[in-house]
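Structure first, then comments.
The values are calculated or read from the model by the stated rules, or taken from the named source; none is laboratory data. Predicted model only: the values in this text are computed from it and were never measured. Note: ideal-geometry Cβ built from the backbone for every residue, glycine included; neighbour counts use all protein chains shown.
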Amino acid sequence: MAKTPKSKKAKGVRFERECAKRIEEVLGVSAKRTPLSGAITDWKGDITTYSLPVSWECKNQERLNFREAFRQAVSQASGSQMPVLLTSRNNDKQVLAVLDFEDLLLLMDWAIKGGWLKN
């Protein structure tokens, strides 16, 4: 477990890069860790994907307040972006995605209309 501020930061940066790499592998779009991890004005979120209307917030913590972390994702998303929280824990390869229920319904609607799912 990361104990010092420096090791916590390194753990977070590593998780952000792993998530960006996976987005690139699966979706075939450019996904990069946002410089300074979203600390630049008008350049929010932990991962930048120019071709997707998504604001990615990444948290790799043992104990996470999901609502607080998701509120951060929402606050960093522009009006046209869907906020998504990606989260994991130490020694856990599973990454969970948290999104608003209405956004999930929207994604399912797009999937149905695109032929991915049958009515």
The condition of being in a helix (DSSP H, G or I), among the aromatic types (Phe, Trp, Tyr) and out of contact with any strand residue (DSSP E or B) (no Cβ under 6 Å at 6 or more places or on another chain) holds, among 110, 116, only for 110
Select from region 84-98 the residues that are free of Cβ contacts under 8 Å to residues at least 24 places away in the same chain and among the polar types (S, T, N, Q) and list them in ascending order. 91, 94
Residues to consider are 85, 52; find the one that is modelled with pLDDT of 95 or more and surrounded by 15 or more Cβ atoms within 10 Å (Cβ to Cβ). 85
Is it fair to say residue 93 is in a loop (DSSP other than H, G, I, E, B) and either surrounded by fewer than 14 Cβ atoms within 10 Å (Cβ to Cβ) or modelled with pLDDT of 90 or more (or both)? yes
Output for region 14-36, where each listed residue is at pLDDT below 90 and more than 12 Å from the chain's Cα centre (by Cα): 35, 36
Which of the residues that make up region 73-90 are over 18 Å from residue 8 (Cα atoms) and either assigned to a loop (DSSP other than H, G, I, E, B) or charged (D, E, K, R) (or both)? 77, 78, 79, 80, 81
